[in-house]
Amino acid sequence: MAEELQHTRWSDVPVETLNPLLTRQFVTGAQGMLSRLELKKGCLVPRHSHPNEQMSWIESGALKFLLGDEANAAEHVVRAGEILVIPGGLPHSAEALEDTIDYDIFAPPRQDWINRDDSYLR
């Protein structure tokens, strides 16, 4: 985690190919993490939860989120220019309804991503 000033551009941040439909980049600070995800239409992020608060801003495309337990999941379609705030601990999944660029902010940073211990995405 960064404890000092950082100044970078996305083109300089390594791109991880997590699966054929999903790539990820992220920058980590001491208290938060900013990620850029490219999801191809049909990409499924399986149901999961994490203690981190998540804010998702869709730059282009659309994601369908299912939030809450499986029996009572609430559906939210988030489109370009829209933001969804997901409280820590809330189970959720996402499906790309079209090719999508999504920026996610996590607080605190996602240790499972930093440690590459995120097999649910791969």
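Scanning region 19-57 for residues that are surrounded by 15 or more Cβ atoms within 10 Å (Cβ to Cβ), among the aliphatic types (A, V, I, L, M), closer than 16 Å to ARG122 by Cβ and touching a strand residue (DSSP E or B) at 6+ places or on another chain (Cβ under 6 Å) turns up LEU22, LEU37, LEU39, VAL45. Selection of strands (runs of 3 or more DSSP E) fully inside region 21-122 by the criterion of at least 2 residues being farther than 30 Å from LEU5 by Cβ and touching a residue at least 40 places away in the same chain (Cβ under 8 Å) returns 44-48, 92-96.
Tell me which residues, restricted to region 113-122, are more than 18 Å from VAL13 (Cβ to Cβ) and either modelled with pLDDT of 95 or more or small (Gly, Ala, Ser) (or both). Step through it out loud before you land on a result.
To start, the set of residues in region 113-122 that are more than 18 Å from VAL13 (Cβ to Cβ) comprises 117, 119-120, 122.
Scanning region 113-122 gives a single hit, SER119.
The values are calculated or read from the model by the stated rules, or taken from the named source; none is laboratory data. Bear in mind that the values here come from a model prediction, so they are computed numbers and not experimental data. Cβ coordinates were reconstructed from backbone atoms using ideal geometry, including for glycine residues, and neighbour counts include every protein chain displayed.
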